[in-house]
Amino acid sequence: MAAFNLTTSDTSPFILMGIPGLEASHIWISIPFSIFYIIGLFGNFMLLFVVGKERSLHKPMYLLLSMLALTDIGTSTSVVPKALCIFWFNLKDITVGGCLTQMFFLHSVSIMESAVLVTMAFDRYVAICIPLRYATILTNARIVKLGLVGLIRAVLLMLPLPLLLSRQPFCANRIIPHTYCEHMAVVKMSCGDTTVNRIYSLVMAFVVIGLDLTLVALSYSLIIRAVLRISSKKSCLKALNTCTAHICVMMTSFTLFFFSTLTHRFGQHITPHIHIILANLFFLIPPVINPIIYGVKTKELHDKVVKYIYRR
């Protein structure tokens, strides 16, 4: 991973310890890590391949699925390769620039994923509540523009964190008890005043996720209101069924995020390896289950994937 272009004269590396307390089991822990990572890569690249090859899938919903797949690949790849290097080869060193780079990409892609989930909720709202205007409101070009807005938002919100940390003096103890450079873990390495970092990161996390969850909740409240007005029970269930995949993906992503964030910040009585395992699950589980959920629940995509599998 290329080092973030930060002006720091400190050349002493950080030491990523992996999962403290479970060092003897690192080899065994690496097995589910690598299996989940490979399955996640395969599923998401398969989704991208099928959507790219099939012109019938060049629609807003499948463009959003492709964006979600890219964010899943990005988050897992930001974490798992370095973790496996720690587990397999005991390669624990990481430069300050490399650490801040990993932190920047990891959290930026996570914010981008949240924006994609919000856009998907809006897509379902338009499809169910105002279906006659769907084709004019959500064009492929507009989806791409919304994706770019989400990317710019993620970069602008995350950029201050590594820039602020690059100006901090770091203590002689460079040991990070984690598998990757999580922001608060790096902040604890500083000997300077990190009040701004702590406040900004906490406010950003809750404002971004709070805003995104509010928009998702608003979309689904309008969807439920529209569905309840449908007189036909069959049509009502059919409309709700189009949302189940997105709801499952959203619940998985946001639940794991809140568990990871809240236990890291406020769970002082929880053992460190539980913190770290929960944090890694946030980057391991969604990339595996998201393609499965959409592959099962979205008939058009499911049929195309099955066609390519049997063709091979």
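What to note about this one:
- Within the range 180-239, the percentage of alpha carbon pairs spaced more than 13 angstrom apart rounds to 73%.
- Taking all Cα pairs closer than 8 Å and separated by 6 or more residues, the relative contact order of the range 168-242 comes to 21 percent.
- Taking the range 40-62 and a reference point 7 angstrom along Cα→Cβ of Asp303, the backbone N atoms nearer than 18 Å belong to 50-62.
- Helix 60-89 axis, angle to the chain major axis (alpha carbon atoms, nearest 10°): 30 degrees
- Apportionment of accessible area to carbon and sulfur, the chain, percent (1.4 Å): 71 percent
- Here the relative contact order of the range 65-182, from alpha carbon pairs under 8 Å that lie six or more residues apart, stands at 41 percent.
- Chain lengthening between Ile35 and Thr214 when straightened (0.36 nm per residue, less Cα-Cα): 61.0 nm
- Per-residue 3J(HN,Hα) values for the range 285-294, derived from phi via the Karplus relation 6.51 cos²θ - 1.76 cosθ + 1.60 with θ = phi - 60°, read 6, x, x, 7, 8, 4, x, 5, 4, 6 Hz in sequence order (x marks Gly and Pro).
- For the range 89-157, the alpha-carbon coordinates run over 57, 22, 17 Å along the three principal axes, in decreasing order.
- For the set Lys233/Lys297; Lys145/Lys233; Lys145/Lys299; Lys238/Lys307; Lys53/Lys145; Lys145/Lys234, the pairs lying more than 30 angstrom apart at their alpha carbons are Lys145/Lys233; Lys145/Lys234.
- Relative contact order of the chain, taken over Cα pairs closer than 8 Å and 6 or more residues apart, is 29 percent.
- Between helix 299-311 and the chain: long-axis angle, C-alpha atoms, 0 to 90°, nearest 10: 70 degrees
The values are calculated or read from the model by the stated rules, or taken from the named source; none is laboratory data. Keep in mind that this is a model prediction, so the values were computed, not measured. Counting neighbours? That spans all protein chains shown, and the Cβs are built from the backbone with ideal geometry, glycine included. Accessible surface is based on the protein model in full, side chains and every heavy atom, while ligands, DNA and RNA are left aside. Shrake-Rupley method; radii C 1.70, N 1.55, O 1.52, S 1.80 Å.
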